[in-house]
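Taking it in order: structure first as structure tokens, then the write-up.
The values are calculated or read from the model by the stated rules, or taken from the named source; none is laboratory data. Bear in mind the structure is a predicted one, so any value in this text is a computation, not a measurement. Neighbour counts run over all protein chains shown; Cβ positions are idealised from the backbone, glycine included. For accessibility, only protein heavy atoms count, side chains too; no ligands or nucleic acids. Shrake-Rupley method; radii C 1.70, N 1.55, O 1.52, S 1.80 Å.
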Number of protein chains: 2
Amino acid sequence: MPSKSSLPTISDVAQRAGVSIATVSRVINGNTPVVAETAQRVRLAIKELKFVPRAAAQVLASRKTNTIGLVFSEIRGAFFPHLLKGIEAELHSSGYELLIYSTHSDHPIQRKPIGEHNTDGLLVFTTSLELEELERLYGINFPLVLMHETPPQGMEIPVITIENKDGAVMLVSHLIEKHGRRRIVFLRGPEGHEDSEWRERGYREALEAHKIVYDEGLIARGEFDEDSAFEEMQKLMAAGIEFDAVFAGDDDAAIGVYRALKMANRIIPDDVAVVGFDDVQFARYISPGLTTIRAPIEEVGREAVRQLICLLNGEQAQRLVLMRTELVIRESCGCQNKGGGERDL
Amino acid sequence: MPSKSSLPTISDVAQRAGVSIATVSRVINGNTPVVAETAQRVRLAIKELKFVPRAAAQVLASRKTNTIGLVFSEIRGAFFPHLLKGIEAELHSSGYELLIYSTHSDHPIQRKPIGEHNTDGLLVFTTSLELEELERLYGINFPLVLMHETPPQGMEIPVITIENKDGAVMLVSHLIEKHGRRRIVFLRGPEGHEDSEWRERGYREALEAHKIVYDEGLIARGEFDEDSAFEEMQKLMAAGIEFDAVFAGDDDAAIGVYRALKMANRIIPDDVAVVGFDDVQFARYISPGLTTIRAPIEEVGREAVRQLICLLNGEQAQRLVLMRTELVIRESCGCQNKGGGERDL
DNA sequence: CGGCATGATGTAAGCGCTTTCAGAAAGCGC
DNA sequence: GCGCTTTCTGAAAGCGCTTACATCATGCCG
């Protein structure tokens, strides 16, 4: 049993097969013709020695890492698995590896964790990368694709995102038209979060289209998560603000809204209608079923990878891919949910 | 603006700072003393040139990749984010990177995606790695930690797992003692899945302890996911098998059970009590709230990383870490859920 | 039958770092 | 001041691959 220090290298293989290391390299990479019989001998030697090329050496010599990076900030959130699944799926079919880095703000970064030194390109979700680093990477022409974030001034980086505004309009219009709601709370996401900005714009447009005056007092500032949503709702109610519906910003926040409302004995949807955004897994499981917007998150991941691969191949990528969103009606808005979600509980 | 082909290297830095590349390397790695003033000059040069060491070169020269790998098979499943979160958190505080590979069976692997050539050690979840590959890695003394899977015969690999059997016993005993259920269906997980094996053992022990005869007819074979659970329940009901409770194998499966039961107009928990396993996010959100076992999944991830790092440092790792599980009572078993889960909806 | 494509293989020069080893500079006691 | 140790720094040898280029048989044409 060989110790770890003596793993076989390409020269061991070459020697055993009676060829030069160049030939071994050629049969491994298959880009230069090698006589069939020789190739067979090499492959045998590889198998016998259980040889696996050291990735670092390949990368160093070929200047290609064959892996792409994903920078992400919020592993929590029902959102993440969907996105990752799409990315993984598309990546596998293209032979790239995935390096994931999630930027926790708490640990100051010493060595640069992810970038041009260990990946061929980067998938960046929302604002998980500091502007400075983004500029640096862009400056050296490093392949980059953004998700749910338009690039800063002057940078031409492909973006994949969803129809946030349309989704919000559908949601709010539904609340107004079908259920006669007029005092609709909007629970924003984090400051500077683009999804949130667009959803708010949609919210305002929908109000306007129905001649409802925008009321600053109905805007609450959450973080796209359960806890902050819960607290914001508590505050709102404590302040005695009246409302008959809540647009929760995203599904995670909707959970917090549910909790606060139930604790205050307000019935959903009779007293207060609630809608979310994203249609994550649990949206159909909670009670009442959450009316929300289906965002093709998985598809965003797939498309992001596709565009990045375009870039990696030196092809032109699309500047902007906008994914359609779709209204998913369940019961939390007041509907009876006839038909549709047959998988709902 | 430098083109991608002319990224600065360590020699550029050395030249600019008026030192040798060895010195630059020393201040980067900080393991050999360098006079403060010189070090400062080097750091300045690094900053000015925006130099980032190429990871591949470092890896090749130092023979350490500074990244650990995670091999996983089921990105789907409410399970995954919890695990990943724990792993990420622990990893960051130790300065390692994470390379994730999820083994989809559909794409035959050409190049070895993950292993000794691109990581310093591997975290392996359940049976995501083929035995042959596991043996190979073990054979070359490669640092390995398994999660939720005991190592094959003769291999001494550290394992992190949870008290599956105890959890199952708690669940089933609760069903029997508090709710008088006696015909309890057990919905298994996939063949060979260790969690499933142990849960079944707990199920049988609990029955035995209460003098209930084990009935083969009450065992259904799911896949730890919603769809197979749904189908299995349909089959069971179609076959006219009687039961007053279902132990769903895991929470994902419980969802499928809920759906099948509701579709058949059987009331949970009055007609049929349902319990799950894992306590994933949505368990508290569904209606009725799912009685389940809280498995410290995140902690499993953290602990796995800790053990792997022990190995990487040449220290001894624990052969087996067993995490305690805990009964979480909500309403799906028939309880009224007084107290406890104050975050439940 | 000589000259020349043609295609398979070998030779060797890196890729950009780390690290050993040796040398230079500086401090110390006698 | 002389030899000694003690620090710091530089030269250079790899790490294990890829790939441009050279080499060497072939086969083919005129």
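Give the residue, chosen from A:GLU197, A:GLU242, that is charged (D, E, K, R) and either part of a loop (DSSP other than H, G, I, E, B) or closer than 23 Å to B:ARG284 by Cβ (or both).
Only one candidate passes the filter, namely A:GLU242.
State yes or no: is A:ALA317 closer than 30 Å to B:ARG284 by Cα and either open to solvent by less than 50 Å² (accessible area, probe 1.4 Å) or not hydrophobic (A, V, I, L, M, F, W, C) (or both)?
In short, no.
Looking at region A:214-250, which of its residues are within 14 Å of another protein chain (Cβ to nearest Cβ), in contact (Cβ under 8 Å) with a residue 40 or more places away in the chain and open to solvent by 20 Å² or more (accessible area, probe 1.4 Å)?
Selection gives A:ASP225 alone.
Can you find, within region A:1-23, the residue that is modelled with the lowest pLDDT among those that are more than 8 Å from DNA strand C (Cβ to nearest atom) and aliphatic (A, V, I, L, M)?
The selected residue is A:MET1.
Here is a check on your reading of the model: is A:GLY192 within 21 Å of the chain's Cα centre (by Cα) and surrounded by fewer than 16 Cβ atoms within 10 Å (Cβ to Cβ)?
Considered against the rule, which asks whether it is within 21 Å of the chain's Cα centre (by Cα) and surrounded by fewer than 16 Cβ atoms within 10 Å (Cβ to Cβ), A:GLY192 comes out as yes.
Could you count how many residues in region A:19-35 are farther than 15 Å from A:SER62 by Cα and surrounded by 14 or more Cβ atoms within 10 Å (Cβ to Cβ)?
6
Here are some residues: B:GLY276, B:GLY301. Which one is in the same structural domain as B:GLY222 (by TED's automatic domain parsing) and at pLDDT 95 or above?
The conditions single out B:GLY276.
Considering region B:1-29 alone, what residues qualify as being more than 14 Å from chain A (Cβ to nearest Cβ) and part of a loop (DSSP other than H, G, I, E, B)?
B:GLY18, B:VAL19, B:SER20
Look at A:ARG204 and say whether it is of a type in the set (D, E, K, R) and either without any contact (Cβ under 8 Å) to a residue 24 or more places away in the chain or in a strand (DSSP E or B) (or both).
In short, yes.
Of these, A:ALA253, A:ALA295, A:ALA304, which one is within 14 Å of chain B (Cβ to nearest Cβ) and among the aliphatic types (A, V, I, L, M)?
A:ALA253
Report, ordered by the first and then the second residue, all pairs with beta carbons closer than 8 Å, sequence separation of six or more or different chains, a first member in region B:100-116 that is facing another protein chain (nearest Cβ under 8 Å) and at pLDDT below 55, and a second member that is outside any loop (DSSP other than H, G, I, E, B) and buried (at least 20 other Cβ atoms within 10 Å of the Cβ).
Going by the 8 Å Cβ cut-off, the qualifying pairs are B:HIS107/A:HIS92.
Out of (1) within 29 Å of B:ASP251 (Cβ to Cβ); (2) in contact with a Lys or Arg (Cβ under 9 Å, 6 or more places away or on another chain), what's the single condition that is false for A:ALA317?
(1)
Can you tell me which residue is farthest from DNA strand D (Cβ to nearest atom) among those in region B:31-87 that are on the phi > 0 side of the Ramachandran plot and touching a Pro at 6+ places or on another chain (Cβ under 9 Å)?
B:GLY77
Looking only at region B:269-285, decide whether some residue is hydroxyl-bearing (Ser, Thr, Tyr), in a loop (DSSP other than H, G, I, E, B), touching a helix residue (DSSP H, G or I) at 6+ places or on another chain (Cβ under 9 Å) and more than 14 Å from chain A (Cβ to nearest Cβ).
no
For region A:163-181, does any single residue satisfy the condition of being assigned to a loop (DSSP other than H, G, I, E, B), in contact (Cβ under 8 Å) with a residue 12 or more places away in the chain and β-branched (Val, Ile, Thr)?
no
Considering only region B:30-65, how many residues are within 11 Å of DNA strand C (Cβ to nearest atom), under 22 Å from A:LEU137 (Cβ atoms) and part of a helix (DSSP H, G or I)?
Adding up the residues that qualify gives 7.
Within region A:320-344, can you find the residues that are at pLDDT below 90 and open to solvent by 50 Å² or more (accessible area, probe 1.4 Å)?
Result: A:GLN336, A:LYS338, A:GLY339, A:GLY340, A:GLU342, A:ARG343.
If I go through region A:75-95 residue by residue, how many of them are outside any helix (DSSP H, G or I) and without any contact (Cβ under 8 Å) to a residue 40 or more places away in the chain?
So the answer is 3.
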